[in-house]
Amino acid sequence: EIWDNLISFHAGEGIAESPDDPATGLTCDPLVVGNDLWDNAAPYLDEGTTGLTIEEVNALAGAYDNYSADPVYQDPAAGDYHVLGASVVDAGHPEATRIASEDIDGECRVRDGDGDGTAKPDTGADER
């Protein structure tokens with residue numbers, strides 16, 4: 001399962017799915033939900049061969065509510081990837097069940113980042 005991640009600036013795909021293995025019957029079709037796949041060469045590589053658009057990603061079985069929006073990083077040139085953009089603030093998927101209690105800075109993970117009176121997690125590892 002791949003939930004609520006902020007995946008950006010990959011020279012390749014944001015998410016790369018391995019091809020299924022008919023010899024073993026192993027399939028690799030992850031549940032992909034609520035991710036911001038921003039500014040990657042392609043958002044998703046299906047079965048190891050086909051680059052997909054966001055619309056095509058959301059059409060996959062078990063994939064929905066993925067998007068591509070600029071998260072507006074603090075200062076990526078200096079390695080500061082704290083988010084400023086409204087597209088990820090309080091945008092954590094409501095069905096996500098495995099949310100850490102703290103973000104990457106040790107701050108409370110679920111809080112009201114947009115001031116609307118409802119505490120929700122942000123997309124990605126940093127809570128604004």
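Would you compute, from DSSP H runs of 4+ residues alone, the mean residue ellipticity of the chain at 222 nm, taking -39500 (n - 2.57) per run and dividing by the full residue count, rounded to the nearest 500?
After summing the helix terms and dividing by residue count, I get -500 deg cm²/dmol.
Give me the Kirkwood hydrodynamic radius of the chain, using the inverse of the mean 1/r over all pairs of distinct Cα atoms, in Å to one decimal.
Kirkwood radius, the chain: 15.4 Å.
Determine, from the Cβ-Cβ distance of Ala61 and Arg111 and an R0 of 41 Å, the FRET efficiency 1/(1 + (r/R0)^6), rounded to the nearest 0.05.
Calculated value: 0.75.
Report the accessible area of Ser68, computed with a 1.4 Å probe over the heavy atoms of all protein chains in place, in Å² rounded to the nearest 10.
Accessible area, nearest 10 Å²: 60 Å².
Where Rh is the Kirkwood radius over the Cα pairs of the range 77-118, the temperature 37 °C and the viscosity 0.692 mPa s, what D in µm²/s does Stokes-Einstein return?
My calculation gives 275 µm²/s for D.
Give me, ordered by chain and number, the residues 5 or more places off Ala16 or on other chains with an amide H under 5 Å from its own placed amide H.
Leu45
Counting just the Cα atoms, what span does the range 4-57 cover along each of its three principal axes? Round to the nearest Å and put the largest first.
For the range 4-57, the Cα extents along the three principal axes come out at 35, 21, 17 Å.
Once amide H atoms are placed 1.01 Å from N in the peptide plane, what residues at a sequence separation of 5 or more from Gly92, or on another chain, have their amide H within under 5 Å of its amide H?
Distant-sequence amide H within range of Gly92: Asp122, Thr123.
The values are calculated or read from the model by the stated rules, or taken from the named source; none is laboratory data. Please read all numbers here as calculations on a predicted model, not as lab measurements. Counting neighbours? That spans all protein chains shown, and the Cβs are built from the backbone with ideal geometry, glycine included. With ligands, DNA and RNA removed, areas are computed over all heavy atoms of the protein, side chains included. Shrake-Rupley method; radii C 1.70, N 1.55, O 1.52, S 1.80 Å.
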